[in-house]
1. For His54, His40, His27, what's the largest-to-smallest order of accessible area, 1.4 Å probe?
2. With a 1.4 Å probe and all protein chains kept in place, how much accessible area does Asp30 have, in Å² rounded to the nearest 10?
3. Compute the signed sum of charges (Lys and Arg +1, Asp and Glu -1) over the other residues within less than 11 Å, Cβ to Cβ, of Asp36.
4. Could you run the Karplus curve 6.51 cos²θ - 1.76 cosθ + 1.60 with θ = phi - 60° over segment 42-50 and give me ³J(HN,Hα) per residue in whole Hz, x for Gly and Pro?
5. For Gly59, what residues show an amide H to amide H distance below 5 Å, using hydrogens built from the backbone and excluding near sequence neighbours?
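The values are calculated or read from the model by the stated rules, or taken from the named source; none is laboratory data. On a predicted model such as this, the values are computed, not experimentally measured, just so you know. No Cβ is skipped: glycine too gets one built from the backbone with ideal geometry, and neighbour counts run over all protein chains shown. Heads up: the accessible areas ignore ligands, DNA and RNA and are worked out on the full protein's heavy atoms, side chains in. Shrake-Rupley method; radii C 1.70, N 1.55, O 1.52, S 1.80 Å.
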Amino acid sequence: MCERRAPNGVVGQRGGGKAEPSFLVSHELDLDQAPDAYEHFANRDDSWTKVVLHPDGHGGSGRRAARAG
């Protein structure tokens, strides 16, 4: 069995606030929206690159706002 590990320092940087991976996430949705989200992702619809599903119902409005860079 092969273990997957983060590159050295990535986890520590995230915990220390140096790395912010949220720019990779295109959509945040409630878990009940998973079937629709999968269709968009599978069809390679524009901007559906990385979807985070929230089982607690705190997925927000769906699409993440663009972040100033």
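1. Highest to lowest solvent-accessible surface, that is His40, His54, His27.
2. It works out to around 40 Å².
3. Its environment carries a net charge of -4.
4. Working through the residues one at a time gives 5, 7, 6, 4, 3, 6, 8, 9, 9 Hz.
5. Excluding prolines and chain starts, which carry no amide H, the hits are Asp30.
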